[in-house]
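Only one structure is covered here, and it is reproduced in the block below.
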Amino acid sequence: MNQVKSKIVTSATVVPRMVVSALFCLCLILGPISQVNAGWEQVHEILSRIDPPEFPSRDFKITDYGAVGDGETDCTEAFEKAISAANKAGGGRVLVPAGSFLTGSIHLKSNVNLHISKGAVVRFSVDPGSYLPVVYTRFEGVECMNYSPLIYAYEQKNIAITGKGTLDGQASDENWWQWKKTQGDDVKALRDQGEAGVPVRLRVHGGGKKLRPNMIQPYKCTDVLIEGVTIRNSPMWHIHPVLSTNVTVRKVRVVGHGPNNDGCNPESCKDVLIEGCYFDTGDDCIAIKSGRNNDGRRVNAASENIVIRNCEMKDGHGGVVIGSEMTGGARNIFAEDCTMDSPNLDRALRIKTNSVRGGTVENVYMRNVEIGQVAEAVVKINFHYGEGDTGNYTPTVRNIILENVSSRKSKYALSINGYDRSPITNVVLKDCTFSNVEKPDVLVGVENLVLKNVKINGNVLNKAG
């Protein structure tokens, strides 16, 4: 840029000063704008590595292993037997036929596709004892031994959950969700263990404690597919792949309005595709995470190369969210061709962290997203979330690029609040339209904000950083 500026100045005797000024501003704009196309060129390469698993064409029907679809008989053992048989045979489809099947935790094994047929409902027990013994898991970004997720896999390869049936966590204010009110001491105890570096195998929770399990959690797995199913009313987060690679979440429908009922939370994962999904949630629709505080720094694994497309978001705290457990960082996040619309959806794109959690978020791209309304901001980036600026790990956020994003109603278009010592850098908006915006943008601790053909309440804005 200095070379360009110098060349223009030395030509000032020939080129009128107004033209010089205009060209200089254009250069400032086109530099960051060039990242719009350059970033999206990565998507093809990312998708080339995301290859959903395939399975042998043989079925293991759970009713052949003792399951009864009356909604009352405990089918936990039948699921276990069918999955073990499929795994030992070299793989196949564990078939859940039409009916209502009550079960405790289901543990997937390599080369097994758990197929929930149309008309089938898998109802998960609300007895916490059904999810013991404890397993190696993560609770809000901190590793521990806790209740098993409702569907769990650890260090498995080539696994899937497919079909047009329903997975019902049966969580409500009468069981799991009420733990939110009394979990405080147990959550603090786990976080203290993480800060102190207590070995994970000694961070034993579970029985008698109030750390709710997630619905679906492949942990340290490769080649994962979740497709077609309806997932509802988890005790906590619905879909939570952790430290996993090559993950596809496709055409699922997630509905749950309990506390922390996030839709899909890839955490410290690599090469993830989330497409054609519907989210109507009590928390973030999609929340990308990577560990929390000292424990996140110990594991030190970012979430990266994540593609989100053709999804619909209704209620939730945010449509596409990064954080707040993002100590390990997040990079190369792409969201396109989505729709978001609800008075109960707070934000469209949200990044949340603080100086206790730290982390680096970079290269976040969003394009062709239509937003009916959100309750707060279309874009919210906040360095003062949770504990605020009380730690020693200053976060970094840079290269947030939006193109052709529109909204019809919001309180703010942009609400960006960084630190002066670590400004949020290179936020670029191109060809975006925000209508019926109630209040002016909040822009604190921002550097190099670029606007090209951005309309807010009909006013066209161009800003060259």
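Go through the range 405-446 and report how many residues are buried (at least 21 other Cβ atoms within 10 Å of the Cβ), among the polar types (S, T, N, Q) and over 25 Å from Glu336 (Cβ atoms).
Total satisfying the criteria: 0.
This table checks each residue for (1) at pLDDT 95 or above; (2) among the aliphatic types (A, V, I, L, M); (3) over 28 Å from Asn158 (Cβ atoms).
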residue: Ile239; (1), (2), (3): yes, yes, no
residue: Gly263; (1), (2), (3): yes, no, no
residue: Glu275; (1), (2), (3): yes, no, no
residue: Gly282; (1), (2), (3): yes, no, yes
residue: Asn294; (1), (2), (3): yes, no, yes
residue: Ser303; (1), (2), (3): yes, no, no
residue: Ile306; (1), (2), (3): yes, yes, no
residue: Asn310; (1), (2), (3): yes, no, no
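Return the residues of the range 316-349 that are surrounded by 21 or more Cβ atoms within 10 Å (Cβ to Cβ), of a type in the set (Asp, Glu) and over 20 Å from Leu414 (Cβ atoms); say none if nothing qualifies.
Within the range 316-349, Glu325 is the sole residue that qualifies.
Return yes when Ile46 is under 30 Å from Tyr365 (Cα atoms), assigned to a helix (DSSP H, G or I), at pLDDT 95 or above and not hydroxyl-bearing (Ser, Thr, Tyr) and no when it is not.
The answer is yes for Ile46.
Anything in the range 132-152 that is part of a strand (DSSP E or B) and either more than 19 Å from the chain's Cα centre (by Cα) or of a type in the set (Ser, Thr, Tyr) (or both)? List them, or say none.
Residues satisfying the conditions are Val135, Tyr136, Thr137, Cys144, Met145, Asn146, Tyr152.
Inside the range 264-279, can you point out the residues that are in contact (Cβ under 8 Å) with a residue 60 or more places away in the chain and part of a strand (DSSP E or B)?
Glu267, Asp271, Val272, Leu273
Within the range 172-183, can one find any residue that is charged (D, E, K, R), in contact with a helix residue (DSSP H, G or I) (Cβ under 7 Å, 6 or more places away or on another chain) and assigned to a helix (DSSP H, G or I)?
no
Find the strands (runs of 3 or more DSSP E) located wholly in the range 337-423 whose residues include 2 or more that are within 20 Å of Ile308 (Cβ to Cβ) and hydrophobic (A, V, I, L, M, F, W, C), and list them.
Here the list reads 347-352, 360-373, 377-382, 396-409.
The values are calculated or read from the model by the stated rules, or taken from the named source; none is laboratory data. Please read these numbers as outputs of a predicted model, since none were measured by experiment. All Cβ positions, even for glycine, are placed from backbone atoms using ideal geometry, and neighbour counts span all protein chains on display.
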